[in-house]
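Novice: If you scroll down you'll find the structure; I have some questions about it.
The values are calculated or read from the model by the stated rules, or taken from the named source; none is laboratory data. Every value quoted in this text rests on a predicted model; they were computed, and no experiment measured them. Heads up, the Cβs are rebuilt from the backbone with ideal geometry, glycines too, and the neighbour counts pull from every protein chain shown.
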Amino acid sequence: MSFDMKKWLKEQSITEVECLVSDISGIPRGKILPVQKFVSALETGGLRLPEYVFGQSVTGEYHDSEVLNEIGSDVILIPDQSTCRLVPWYSEPTAQVIHDAANTDGDEVAFAPRAVLKNVMNLFDKAGLKPVIAPELEFFLVEQSADANNPLVTPTGRSGRAEKAKQAYGI
């Protein structure tokens, strides 16, 4: 039985969809779309994102790259319907979908992290090996505040400077 994502979105009264891709550091990037725009993109193949999103550093900066196109071409996001989930921490019914990336000619973006992982998994499979992972949780520290209503502030590091980087397309 195949999954009908459009039907599921309607049944769950979804109002927004988080369209996610992983950057090279494993940080989720993407767009949050109203459900109507997401469904329209499904029907027209029109959901696009700059390919530079895959080259962002953990601090959100862009570096010179021999892999990424200097023009900053768009890639087409292709939803992996098997990853469609309800996001439990939003008050409005919101879905989250992990996407693959394709070039405008339809070929998979070879340097996209999911494509790289698929290729590596195929190599393991061909060698008769089974990879095992051990995730390590990361967390961010923030300056202490006596007032819970104050915004979170990045602490000053040993250098005496606070982190100032941006997180474009961060979700």
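Novice: Restricted to the stretch 1-52, and to residues that are in a loop (DSSP other than H, G, I, E, B) and among the acidic types (D, E), which residue is nearest to A115 (Cα to Cα)?
Specialist: The extreme case among them is D23.
Novice: Looking at G45, G106, G72, can you tell me which residue is under 21 Å from L9 (Cα atoms) and exposed (fewer than 14 other Cβ atoms within 10 Å of the Cβ)?
Specialist: Unique residue meeting the criteria: G45.
Matching residues to (1) basic (K, R); (2) touching a helix residue (DSSP H, G or I) at 6+ places or on another chain (Cβ under 7 Å); (3) in a loop (DSSP other than H, G, I, E, B); (4) modelled with pLDDT of 85 or more:
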position: E66; (1), (2), (3), (4): no, no, yes, no
position: E70; (1), (2), (3), (4): no, no, yes, no
position: Q96; (1), (2), (3), (4): no, no, no, yes
position: P131; (1), (2), (3), (4): no, yes, yes, yes
position: A134; (1), (2), (3), (4): no, no, yes, yes
position: S145; (1), (2), (3), (4): no, no, yes, no
position: N149; (1), (2), (3), (4): no, no, yes, yes
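Novice: Any chance you could count how many residues in the stretch 97-116 are without any contact (Cβ under 8 Å) to a residue 60 or more places away in the chain, among the hydrophobic types (A, V, I, L, M, F, W, C) and over 12 Å from D23 (Cα atoms)?
Specialist: 3
Novice: Of everything in the stretch 72-86 that's farther than 16 Å from E16 by Cα and β-branched (V, I, T), which residue is modelled with the lowest pLDDT?
Specialist: The qualifying residue modelled with the lowest pLDDT is V75.
Novice: Here are the criteria: (1) within 23 Å of G26 (Cα to Cα); (2) under 23 Å from the mean Cα position of the chain (by Cα); (3) part of a loop (DSSP other than H, G, I, E, B); (4) modelled with pLDDT of 85 or more. Tell me which single one N122 does not satisfy.
Specialist: So the condition that N122 fails would be (3).
Novice: Of all residues in the stretch 28-42, how many are over 13 Å from I76 (Cα atoms) and either over 17 Å from the mean Cα position of the chain (by Cα) or surrounded by fewer than 20 Cβ atoms within 10 Å (Cβ to Cβ) (or both)?
Specialist: Qualifying residue count, the stretch 28-42: 9.
Novice: In the stretch 45-64, what residues are within 16 Å of L33 (Cβ to Cβ) and either more than 14 Å from the chain's Cα centre (by Cα) or modelled with pLDDT under 75 (or both)?
Specialist: Correct list: G45, G46.
Novice: Please work out if G55 is in contact with a Ser or Thr (Cβ under 9 Å, 6 or more places away or on another chain) and either closer than 14 Å to T94 by Cβ or not hydroxyl-bearing (S, T, Y) (or both).
Specialist: In short, yes.
Novice: In the stretch 1-20, which residue that is touching a helix residue (DSSP H, G or I) at 6+ places or on another chain (Cβ under 7 Å), modelled with pLDDT under 95 and hydrophobic (A, V, I, L, M, F, W, C) is surrounded by the fewest Cβ atoms within 10 Å (Cβ to Cβ)?
Specialist: F3
Novice: Find all pairs meeting these conditions: Cβ atoms under 6 angstrom apart; at least six residues apart or on different chains; first residue within the stretch 74-92 and more than 22 Å from L47 (Cα to Cα); second residue surrounded by 12 or more Cβ atoms within 10 Å (Cβ to Cβ) and of a type in the set (V, I, T).
Specialist: Listed by first residue and then by second, the contacts come to E92/T15.
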